[in-house]
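Contents: one structure, followed by commentary.
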Amino acid sequence: MPRPPLNNLFAGIPGELPQEIIEVLLKTPDFYLERIISAGQATPPGEWYDQETHEWVVLLSGAAGLLFEGEDQVLVLRPGDYVLIPAHCRHRVEWTDPARQTVWLALHFREGTGKTASAK
């Protein structure tokens with residue numbers, strides 16, 4: 001069996017990002033994993049994400065601010081921070097760092113999919 005290819009989450013990022021880039025890295029019937037690259041982008045005013053799936057998101061580089069419906073305080077994410085956003089939890093990206101690229105991983109999944117791993 002041939003060795004799987006090596007990839008890098010920071011490879012292939014353009015120098016300028018007039019628009020946010022969202023790439024599906026892995027997709028199965030149970031979940032999908034995205035790499036999101038932002039540079040100053042935010043959710044348009046008045047718009048909210050209301051997703052059918054849960055979303056676990058981790059910030060790898062840069063910085064971002066998330067706002068959840070009904071809250072006044074923006075949740076600031078720095079590298080290494082992660083949050084689980086339940087399905088239908090309305091939220092928006094208030095800002096991403098305009099000075100450097102913000103790289104996220106977002107894992108989307110439905111309740112009860114997959115199996116829970118146990119520690120040995």
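A compact table of results
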item	result
Residue match in region 67-76 (condition: buried (at least 18 other Cβ atoms within 10 Å of the Cβ) and not hydroxyl-bearing (Ser, Thr, Tyr))	yes
Output for region 21-53, where each listed residue is surrounded by 15 or more Cβ atoms within 10 Å (Cβ to Cβ) and either among the hydrophobic types (A, V, I, L, M, F, W, C) or farther than 17 Å from Leu67 by Cβ (or both)	Ile21, Phe31, Tyr32, Leu33, Glu34, Arg35, Ile36, Ile37, Ala39, Ala42, Thr53
Failed condition for His88, given (1) more than 21 Å from Asn8 (Cα to Cα); (2) exposed (fewer than 14 other Cβ atoms within 10 Å of the Cβ); (3) modelled with pLDDT of 95 or more; (4) touching a strand residue (DSSP E or B) at 6+ places or on another chain (Cβ under 8 Å)	(4)
Leu26 being under 15 Å from the mean Cα position of the chain (by Cα) and under 29 Å from Asn7 (Cβ atoms)	yes
Positions within region 2-25 being of a type in the set (Val, Ile, Thr) and free of Cβ contacts under 8 Å to residues at least 24 places away in the same chain, in sequence order	Ile21, Ile22, Val24
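The values are calculated or read from the model by the stated rules, or taken from the named source; none is laboratory data. Quick caveat: nothing in here was measured; it's all calculated off a predicted structure. For neighbour counting, all protein chains shown are included, and Cβ atoms are generated from backbone atoms with ideal geometry for every residue, glycine included.
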